[in-house]
Amino acid sequence: MLKTTRLAALAAVLFVAASAAVVPLAASAQTPPAAPSAAPAAPAAPAAAPAPAAKPVGVKATEIVDNPYGLQALWAGGDMVAKITLLILVVMSMGSWYIIITKVYEQYKMLRHGKSAEKSFWKAPSVKQGAEGLKKTSPYRFIAETGLEATARHTGLFGAVDMNEWISMSIQRAIDNVQSRTQDGLAFLATVGSTAPFVGLFGTVWGIYHALTAIGIAGQASIDKVAGPVGEALIMTAFGLAVAVPAVLGYNWLVRRNKTVMEQVRSFGGELHAVLLSTPKTPARA
């Protein structure tokens, strides 16, 4: 019995020893091999890129957008008809502004000549001296010299005409000449004001025609096929209105100012007519 017990204890000791020997071997088999100490070092990570500079507070970034449907695209992509239409509108606009500026300056000069005549002409001892005291470019001097010339020419066949009617006719002819000069260029403004919208409308129709042509060629009504020609059409319409409106307003303004200027000229002519009739006629030399 004791011998059997000892044999069982020896067997248990041997089993425990065998188990202790097998467990490390299994653990070592499952553990991966360690990296060799002489392995090359991993390459260093690249340096981080520098952070962008902070934008100053309160400054808005401006983004430049290329507009493919602007004026430059209109001129570059338009055909010969569109370019000629645009040039006609430009010429009309330049001519209108030139006439408006020059006529305003001429009216200002006439008003200034009228004030000068009121101050100096009627204080002169004679009509001839009063006319010589005015500037050569003054329309009032032109009317006064015309009246003097009519008085001097009232001889021969002209002498049979009544003196009153003869002087009145001569002064009225000089006044009509001055009025004709004040109306120079107004016909151009009236023409531009009445025709510029139709020229722009022609450009509009031509642009719509190109839009329909682009749609037919592409086979689809996409916005990129229609935006360009329709933009040209709208720009032409806007140009026509931009040319016509200043021409119409300038025409009406200049006509009203001419009316004010000519009222002063006619008043001067009527007073000159009375003075020439009351002045004794110098007998002609033999």
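All of the numbers you see were taken from the coordinates with simple rules; none came from a lab. What you see is a predicted model, and the numbers here were worked out from it, not measured in a lab. FYI the Cβ positions are ideal-geometry reconstructions off the backbone, even for glycines, and counts take in every protein chain you see.
Take Lys115, project a point 7 Å from its Cα along the Cβ direction, then tell me which residues of the stretch 252-273 have their backbone nitrogen under 18 Å from it.
Label zone hits: 257-258, 260-265, 268.
Apply the a/c threshold of 1.5 to the C-alpha gyration tensor of the stretch 99-207 and tell me whether it is rounded, prolate or oblate.
Here the stretch 99-207 falls in the oblate category.
Using a 10 Å cut-off around each Cβ, can you sort Thr213, Thr155 from fewest to most neighbouring Cβ atoms? Please report the intermediate quantities before stating the final value.
Numbers: Thr213 12, Thr155 9.
Ascending number of Cβ neighbours within 10 Å: Thr155, Thr213.
What distance in nm lies between label points placed 7 Å from Cα along the C-beta direction at Glu263 and Met169?
If labels sit at Glu263 and Met169, their model points lie 3.1 nm apart.
Under 8 Å for C-alpha pairs, at least 6 residues apart: give me the relative contact order for the stretch 80-278, rounded to a whole percent. It would help to have the intermediate numbers written out before the result.
On the way: 195 pairs, mean separation 59.8, N = 199.
RCO, the stretch 80-278: 30 percent.
Report the gain in length on full extension from Val205 to Ala242: 0.36 nm times residue separation, minus Cα-Cα distance, nm rounded to one decimal.
Details: separation 37, 0.36 × 37 = 13.32 nm, distance 1.77 nm.
Length gained between Val205 and Ala242: 11.6 nm.
Treat each spin label as a single point 7 Å out from the Cα along the C-beta direction, and report the Ala274 to Phe158 distance in nm.
For the pair Ala274/Phe158, the computed spacing is 2.5 nm.
Determine the alpha carbon to alpha carbon distance for each of Lys135/Lys259; Lys103/Lys259; Lys115/Lys259; Lys83/Lys103; Lys103/Lys128; Lys109/Lys135 and list only those over 20 Å.
Details: Lys135/Lys259 22 Å; Lys103/Lys259 13 Å; Lys115/Lys259 16 Å; Lys83/Lys103 30 Å; Lys103/Lys128 30 Å; Lys109/Lys135 11 Å.
Flagged as over cut-off: Lys135/Lys259; Lys83/Lys103; Lys103/Lys128.
Give the peptides 252-261, 142-151, 268-277 in descending order of average Cβ contacts within 10 Å, highest first.
Numbers: 252-261: 15.0, 142-151: 20.5, 268-277: 17.6.
Answer by packing, highest mean first, reads 142-151, 268-277, 252-261.
Between Thr102 and Ile215, what is the FRET efficiency for a Förster distance of 51 Å, r being their Cβ-Cβ separation, to the nearest 0.05? Walk me through the numbers before you get to the answer.
Numbers: r = 47 Å, r/R0 = 0.92.
That pair, Thr102 with Ile215, gives E of 0.60.
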